[in-house]
Every structure is written in C-alpha cells, then in structure tokens.
Amino acid sequence: MDNDLQNNIEEAFNSMLRTDYIPLRDTSKLERLSRYYVDYFGYVRQIVGESDQLVVGRRGTGKTTLFYRALIECIHSWNPSIQSKAKPKTLAIYIDLSKCHTLTDTSPNDFVEFEHVFVSELVDSIREELLRNWPSLNQEPGIFERIFSREETKRKKDSSDALEKLSAIITSGIPRTNEETSPRKIRKKDTESSSQGSQAGAVINENGPTISAKLSESASSQSEYEIEITSSVRSRLSIADVLRVLGNLRDACNISHVIVLVDEFSSLSSDLQRRFSTLLRKMLGNHSGVYLKISAITDNYSLGSSIILQRDLFQLSMDLDAFVERSGTLNTAMDGLCDLSKDLVVARIKEYAEMVPDDLFEDPKESWIELSRSAMGVPRTIGIALKQAFYRCLQSGRPRVRMSDIEYGIKYATKAYQDQFFGACGVAIPSYCENIWNAIVDRAIEERSKVNAPCSHFMVLPKNEEKLRFLNMFFLVHLITKGRTTKKEKLSRSLYAFDYGICLENNLGYGTDKNTIRQQRFAYDNSLTEFDQYFAKTEEKKFQCPLCNRTYKESDLYLAGQLLTFCPKDKADLVEIPSTGYGNSKFTEEEMKIVGAIRSSQEEDKLLARQVADDVGCYVQKVAKFGEKLEREHLIQRKLAEDVGRNIYFKKEHAQPDAKSDRT
C-alpha cells in the first residue's frame, strides 16, 4: 500500500469526524460530500422544504453534515441540468452560531443590541453565500449596503436599484471579478481673516465739551480638513429588515423560497439561548417565504415557553431511540445500524480511495456488526475507531485490517469518551455522576457473575432518566427506546445499552434477545435509589466537599448565624452542587467535553488541541481559545512542547489544602 493510498484512506475516515472542516467556499469538496453522503433518515428532502424545523441529536450524529448536504442540494436547484430534491431556485443561507463570537459580547440587558448583532452576522452570511454562488457580484461594491439599508430615503430608490442589479446578476451568471474599493482622500484648507475698526465722538453739555475715542483690531486663522472616504455605515438592523429584503429578493429573482440553516444552537449559553429564542419567534411563521432550520444537541437546548414544538417548529430527531422507533423492533434496528455502518464506510473508501471493502478489511461483514454496536448511530465514533484500527494495521505491516484492529479502535473510542467523562466530573458536571456510573457498572458485573448471559442492556423508570443524562451525553450508555416493560412488571421503563467498548472491557457480553433483556434483574432502579437526594425538587442549596465527598445542605452549615464555607471534617473549601436542570452549568455541552478531555491527560501524554478537537468534535480554534480561559481559571495547564512546536494541554495538579490553616 503506497503512501498516497494510505493518505486517501485516512482522509476517508477523517471525513466522519467533522464536516465543518470543509470550507464552504471549496465547492469541489462540497460536491464530493454530496457523493458519499448517506441519508439514512431521509431528512434531506424535508430540510430543503417549506417548513420550520428543529434537528436534534447527540454530538456526532451528523446534524452539520445534513445541513451541508441540504446546502449543496439548494445550489443544485439553480442548475436545470441537475436533478435536485429542492424546488427550482431554492436559496439556502448557512450560519454557524459557534463562530458568532460577537453574540457573547452583547449586554444581557440590551436586547436591541443583541438583535442587531445577530442580524449583522446573518447579513454577512447572506452576503457570503451570494458571493460564493454569483462571484460577479464583486463588480458592484456597496450593493449589499444599499439593499440592507434602513434609511427611508434609500429604501425607495437606492435599495430598489441595487435589488434590480442583484437580481440581474443572479439570473445571468457573469464571470468572476475582483472587488475594488476607493482610497481615502484628505484635503486641507487654511483660512485667515483680520479686521480693524475705530470710533470717535464728542458731547457738549453744561459742564463743557467731552471727547471720546475707541480703536479695535482682530485677527483669526482657521484650518479645515475635508475627508472623503468610501465606507458603509450600518444602522441597527432588525429581523424585520432582513425578512423584508429576503422577501423582495425572492420576488425579484423568482426564488422559490429561502431556508436559513442555523447550526450549533447548543453552543450558546443558557442566557444566549433564552434571548435567541425571542429572535426566533420573530422569524417563525413569517410571510416572506423564509424558513428556519435549527440544529441542537439532545437535552442541551431551551426554546423558552413561547415556542412550541410540532406547532411552531417540527422536530426531526437523529438519535438512536428515534431510529429504533421507526424500525419497529430492536433487532430490526440493529440490522439497520449494521447497514448504516456499511454504507458510511463503503461510500467513503470508494470516493476517496477507489477501493471495495474486501480490499481493506479481512472480514467486512463482521466489521460492520462490531462497528454498529460501538457507534449506536453516531458516525463520528465509527470514524474514531476506524482511524485507530487503520493506524494499528499499518504499524503491524499488514495489508488489510483485522478484527483485532477493529476491537482496538473500538476500545480506543471508548477510552476517549470515558476520559472526557471522568475529567469533567467535579468541574463541568457534578462529581456524583461518577458514583452513578460506578453503581450501574458494578451492578452489571454482579449480574454477569450470577448467570452466564449477556448483561449489555438495562432498564430504568422514567424518574431515573435524569440521573443518566450525562452518561448518555458522554456515550457511556445509549438510550435505546422508551416504554418497555419487564416480564414481571407492567411499569413503563426506558431501555439503555452500555457502550460496546465497556462490554468488551468488563466481559459483559452482548445480546439483543428480548426474552433476556426484559428480565426483572435488569431493572436497575434500586441501584440508583441512593442518588435521589441529588435530584429532589427543593430550593435549598447543597454543597459538597471535594476531598471526602460529603454532602451538606445549606441549613446544616449555619453556625452561630454564620454560613460555613468549608468542610467541618477536613477544612477543605466546599463546592456548591449545581441543580440538575438544564442551563444551570456554566459550561456548554461542547465545553464540558473539552474540559474532560484535557483534565484526563497528564503532561507526558502531550495532548494537542487537534486531538481534543477530533475526539470532541469541535474546532481547533475553540479548544485553543477555551483552553486559555481554563488556564486563567487554574483548571488546566498549557505548555509549549519544543519537540512538537505546539502547546500541550494537561490537568493542573492542585496542592492539598492546609488542614492547619486558621478558619473560623
């Protein structure tokens, strides 16, 4: 296998890790994506359609890739020679909220400013999309400023003229040119002035004549500067302005409809999500032919009370439980996941390396089964596992990937997810999450020791689902379906599966036979009872000692009318336990995983930002910028490694608290 072929295979597996590494201006890579994309939910046609939708799914399920594919489909709709699932002349605008850093700088109390900042970002996205598809718009400098002007005088004449030019260019297709801007011109004008005056008078009265005289003189010098510059002055734009312009553009260019793809909604903080939802309400149900498509992480978004799902927004789920529900039975769903894994890999190695599965894998069929159990509907997990399996194969000098390589890759992905989880515990997520994890794993190992039967699945009552939220987020467990019952009880429970790598490491076996997984011994509710105290609906604050893990209620810490801020037992500073409700953590889901990935590494691991980005599924720039913040807060350390020439990230070792310090 030559070096070029190795690079092509690696690139094929990298394409499963992240899609937004592809620049939107790189049309050749976008076209390649359209060839290897697998629409296993059949959502592309719905995304390019005329309805407002919310796409939800865990990180790595392919939400951004779906939006990219829809964007390409809309581009194809303008070419009569290409068949497209979108209506002819459908315009798509893509905006990534994780890159809209200006939103975080707005004042929490100034909603008008927040609206203006978002609309400015949206206008920039519209401009970039139009320039990408119709490069000849560069011939008309200032055309967008005139179209998106709020001034009444420009609306009537300049805006209509600019809109007419824009529609003419879009419908004609003029070759690319470069935009030119006029230079700044400064002229100086000096003026001088002077004046003189005199006054004399005489008065005769009974006392005799009186004579008076007055002489005055004045001079002044003044310099005036005239500055001539071509610039765009942006008023405080509103949602109504954008809808007005897009509606006019739609009429002028005979556009079928406009879809706005709003990606990474969950990258916003809870406060920004609250304010952003108010903006969304202004856009939903408009009469301008503009439709919103929003992507969010499962259980990590809030739309407020004014937006109602299935009325204002129609939800499309890319999660495993939705796939199982559509499949009808668990076994049918697992077969479907196996086919999905096969299609994802086959399409990519064909596109990138012109290979068939037998050229790369010793046992393709068994590989698809193992990969589907590992990924459970998360394509990024397949990419991580295959990339590491391929590296191991190359190091061994073998021509094809063996099942032992696949198992190694699966365990690598599991370890990456486990490290993120354990590293986040006590910092980004509550520390008791680790105890919950240990409780259910210990229970599974115990059940496995009793009977030699697979213990890969378990069930819990709906009230205990919140306790598993972070475990599901970090891919340690997977929600299979809701509404299942055991053989003995008719109580409705949710069915979960352990991550396949966990099953391999702990020899839990793996099975989907309903007669086995529905046994009463796999109802784990009694193993979670001890954690009810953390999820009780109470307004009283709780604190935990980071050393002894003892939990205190706020009322227990009052001594002589003063609230103790340290543990009475070991004098360590107490940490407030955040409420389990969404939005109470100061970290977003993406930031939680970055924190966990870094804090689970030691200095000798030489963890790079690129490795964190690949495992988490975010931008390298996000890791670097957020890493600076974490270092300032003394949560991690960074250090320039001379041998790699880049910063490495690792956990900051805290000194043990001084028990002899004077605390009162």
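Report yes if residue 349 is in a helix (DSSP H, G or I), over 30 Å from residue 635 (Cβ atoms), open to solvent by 20 Å² or more (accessible area, probe 1.4 Å) and among the β-branched types (Val, Ile, Thr), otherwise no.
So residue 349 does not fit the description; no.
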(message) Between 246, 309, which is open to solvent by less than 10 Å² (accessible area, probe 1.4 Å) and not acidic (Asp, Glu)?
(response) 246
(message) For the range 327-335, check the following and say yes or no: at least one residue is β-branched (Val, Ile, Thr), crowded, with 19+ Cβ neighbours inside 10 Å and over 16 Å from residue 478 (Cβ atoms).
(response) no
(message) What's the number of the only condition in (1) at pLDDT below 95; (2) open to solvent by 20 Å² or more (accessible area, probe 1.4 Å) that residue 60 fails to meet?
(response) (2)
(message) Tally up the residues in the range 564-573 that are within 39 Å of the chain's Cα centre (by Cα) and open to solvent by 60 Å² or more (accessible area, probe 1.4 Å), please.
(response) 2
(message) Every residue in the range 1-57 that is hydroxyl-bearing (Ser, Thr, Tyr) and either surrounded by 15 or more Cβ atoms within 10 Å (Cβ to Cβ) or over 18 Å from residue 91 (Cβ atoms) (or both), please.
(response) 15, 19, 21, 28, 34, 36, 37, 40, 43
(request) Take the range 501-520 and flag every residue that is closer than 13 Å to residue 455 by Cβ and either open to solvent by less than 10 Å² (accessible area, probe 1.4 Å) or in contact with a Phe, Trp or Tyr (Cβ under 9 Å, 6 or more places away or on another chain) (or both). (result) 502, 503, 504, 506, 508, 510, 516, 517
(request) Name the single residue, out of those in the range 391-417 being open to solvent by less than 70 Å² (accessible area, probe 1.4 Å), among the charged types (D, E, K, R) and not in a loop (DSSP other than H, G, I, E, B), that is nearest to residue 356 (Cα to Cα). (result) 405
(request) Would you tally the residues in the range 525-554 being of a type in the set (Asp, Glu) and either open to solvent by 90 Å² or more (accessible area, probe 1.4 Å) or out of contact with any helix residue (DSSP H, G or I) (no Cβ under 8 Å at 6 or more places or on another chain) (or both)? (result) 4
(request) Check 396, 341 and return the single one that is free of Cβ contacts under 8 Å to residues at least 60 places away in the same chain and either of a type in the set (Lys, Arg) or under 18 Å from residue 16 (Cβ atoms) (or both). (result) 341
(request) For residues that are touching a Ser or Thr at 6+ places or on another chain (Cβ under 7 Å) and modelled with pLDDT of 85 or more, tally how many sit in the range 122-139. (result) 0
(request) List the number of the failed condition for residue 456; all other conditions in (1) in contact with a Lys or Arg (Cβ under 7 Å, 6 or more places away or on another chain); (2) over 21 Å from residue 380 (Cβ atoms); (3) among the small types (Gly, Ala, Ser); (4) touching a residue at least 40 places away in the same chain (Cβ under 8 Å) hold. (result) (1)
(message) Going by what's in this entry, would residue 111 be described as among the aromatic types (Phe, Trp, Tyr), surrounded by 14 or more Cβ atoms within 10 Å (Cβ to Cβ) and under 23 Å from the mean Cα position of the chain (by Cα)?
(response) no
(request) Could you tell me whether the range 377-386 includes any residue that is of a type in the set (Ser, Thr, Tyr) and either outside any helix (DSSP H, G or I) or more than 25 Å from residue 417 (Cβ to Cβ) (or both)? (result) no
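The values are calculated or read from the model by the stated rules, or taken from the named source; none is laboratory data. Keep in mind that what you see is a predicted model, and the values were worked out from it rather than measured. Note that we place each Cβ from the backbone using ideal geometry, even for glycine, and neighbour counts take in every protein chain shown. Areas reflect the complete protein model, heavy atoms only, side chains present, ligands, DNA and RNA absent. Shrake-Rupley method; radii C 1.70, N 1.55, O 1.52, S 1.80 Å.
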